[in-house]
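Peer 1: Dumping the structure here so I can ask a few things about it.
Derivation of every value follows stated rules applied to the coordinates shown; laboratory data play no part. Source: prediction; values computed, not measured. Cβ atoms come from the backbone with ideal geometry, glycine included; neighbour counts cover every protein chain shown.
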Amino acid sequence: MLTAPLVGFAVFTFVCYLLFRLGDSLAPKLTDQGAKLAQYACGEDFPARKLQVGYTLFFRAALFFTMMHVAALVVATLPSGSMALAGLGALYLLMITLSIMTLMMQK
């Protein structure tokens, strides 16, 4: 019964919750004393401001790594012994290189 995935998940979730509550009860209580909860920036006063984060850089990096992994997979699985397929693989790598260069040039 305990080897069933759902039962195991429930048991370990309950154990983790108990450990979380135990740690919460052992931790010292947080009190706001002076600048204890203030942001720290190497001893300087750091004015808080709202920061709007975009996903543009993340999507660019994700697309880069996807293209590189697919290129590595395609080249690694090319059959050996055929000059035509080797030329096709080289052409594919050239196209991937041009695509990545275009991706990196965008603002």
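Peer 1: For a test of the definition: using alpha carbon positions, the gyration tensor, and the 1.5 limit on a/c, classify the chain as rounded, prolate or oblate.
Peer 2: oblate
Peer 1: Let me ask something else. Taking every pair of distinct Cα atoms and averaging 1/r, then inverting, what Kirkwood hydrodynamic radius in Å comes out for the range 52-107?
Peer 2: One over the average 1/r among Cα pairs gives 12.7 Å for the range 52-107.
Peer 1: About the Cα centre, and with charges only on the beta carbon of Lys, Arg (+1) and Asp, Glu (-1), how big is the dipole of the chain? Nearest 20 debye, please.
Peer 2: 180 debye
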